[in-house]
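Remarks on the structure that follows.
Any read-out appearing in this document is the output of simple, stated calculations on the displayed coordinates, not a laboratory observation. For clarity, every value in this text was computed on a predicted model and none was experimentally measured. All Cβ positions, even for glycine, are placed from backbone atoms using ideal geometry, and neighbour counts span all protein chains on display.
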Amino acid sequence: MGLHFILQHLDRPGTSVRILFVDFSSAFNTIIPTLLQTKLNQLSVPSSICQWITSFLTDRQQLVRLGKLMSSSRTTNTGAPQGCVLSPLLFSLYTNDCTSKDPSVKLLKFADDTTLVGLIQDGEESAYRQEVKELAVWCRHSNLELNTLKTVEMITDFRRNPPALPLLSIMDSTVATVETFKFLGSVISQDL
């Protein structure tokens, strides 16, 4: 994660940063091929590639093998194959239209790792809270389930006596606050 813009913000008086580390339940398994095709069309991806991707993601046979035992196969029409090198790219394209509208809120994405960064000035965090609500709505429309039990928030404030900030809720679930978080292989702490 690019921490430079966070540190620049925290260098100013009266500032804090709220970082929401979003967890999706079974992210790659929830891609709807027809919705992905619509999103790819909006990105001006050639229709032949869109059709190939839709074909690749639909009518896939799956089975489970355990030792010498094998289950019967099932056909699936949702999701991207686990372990496929295309799956992170397809998920990134699927979530490309999930953006932040407010300049004080940054949305950082890498495959299924999504982070919302609210740059708070003088305790004014309404834009951040609104973006969190809009993220939840976007997830519902895109068939993605926010895992509110694994989604966590880190609050960074370098002031000597930082004010108490109200807890964040997503879909009536209070988001846990953490002091450290492992993001993309790096441990980030609230004191940066």
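Compute the normalised compactness of segment 1-75: alpha-carbon radius of gyration over 2.2 N^0.38 Å, N being the residue count.
1.89
Can you tell me the dipole magnitude for the chain around its Cα centre, using point charges on the Cβ only (Lys, Arg +1; Asp, Glu -1), in Debye to the nearest 20? Spell out each step's value before the answer.
Details: 17 positive and 18 negative charges, 135 e Å.
Dipole about the Cα centre, nearest 20: 640 debye.
Could you calculate the FRET efficiency of S71 with R129 from 1/(1 + (r/R0)^6), where r is the beta carbon distance between them and R0 is 41 Å, rounded to 0.05?
Details: r = 45 Å, r/R0 = 1.10.
After rounding to 0.05, the efficiency reads 0.35.
So for the chain, taking the charge dipole from beta-carbon charges (+1 Lys/Arg, -1 Asp/Glu), which of V105, Q130, L184 sits furthest toward the positive end? With unit charges placed on the Cβ atoms, the residue in question is L184.
In what sequence, highest mean first, do 93-101, 74-82, 116-124, 47-55 appear when ranked by Cβ atoms within 10 angstrom? Mind showing how you got there, number by number?
Working: 93-101: 16.2, 74-82: 14.6, 116-124: 18.2, 47-55: 13.0.
With the highest mean Cβ count within 10 Å placed first, the list reads 116-124, 93-101, 74-82, 47-55.
Remind me, what semi-axes does the chain give for its equivalent ellipsoid, largest first in whole Å, using sqrt of 5 times each Cα gyration tensor eigenvalue?
Numbers: eigenvalues 265, 72, 41 Å².
Sorted largest first and rounded, they come to 36, 19, 14 Å.
Evaluate the relative contact order of segment 32-78 (contact order divided by residue number), counting alpha-carbon pairs under 8 angstrom at least 6 apart; express in whole percent. Value for segment 32-78: 36 percent.
Taking Rh as the Kirkwood radius computed over C-alpha pairs, what is the Stokes-Einstein D of segment 32-78 at 10 °C in a medium of viscosity 1.306 mPa s, expressed in µm² per second? Intermediate values should be presented prior to the final figure.
Working: Rh = 12.1 Å.
Estimated via Stokes-Einstein, D reaches 131 µm²/s.
Please state, rounded to one decimal and in Å, the Kirkwood hydrodynamic radius that segment 52-92 gives when every pair of distinct Cα atoms enters the mean of 1/r.
Values: mean 1/r = 0.0869 Å⁻¹.
Across segment 52-92, the inverse of the average 1/r is 11.5 Å.
With Cα atoms defining each centre, segment 16-53 and segment 139-158 are spaced 17 Å apart in the structure. Between E131, E179, E145, the Gaussian network model of the chain with springs among Cα atoms under 10 angstrom shows the greatest mean-square fluctuation at E179.
Summarising the label geometry, the points placed 7 Å from Cα in the beta-carbon direction at S26 and V64 lie 1.2 nm from one another.
Estimate the FRET efficiency between Q51 and N96 by the formula 1/(1 + (r/R0)^6), using the beta-carbon distance for r and 22 Å for R0, to the nearest 0.05.
Values: r = 19 Å, r/R0 = 0.85.
Computed FRET efficiency for Q51 and N96 comes out at 0.70.
Would you mind telling me which residue in L20, L86, L69 has the biggest mean-square fluctuation in a Gaussian network model of the chain, where springs connect alpha carbons within a distance under 10 angstrom? Highest fluctuation among the options: L69. The value of relative contact order for segment 119-192, using C-alpha pairs under 8 Å at least six residues apart, is 29 percent.
Considering only V45, L146, P163, the residue lying farthest towards the positive end of the dipole of the chain is V45, judged by Cα position with unit charges set on Cβ.
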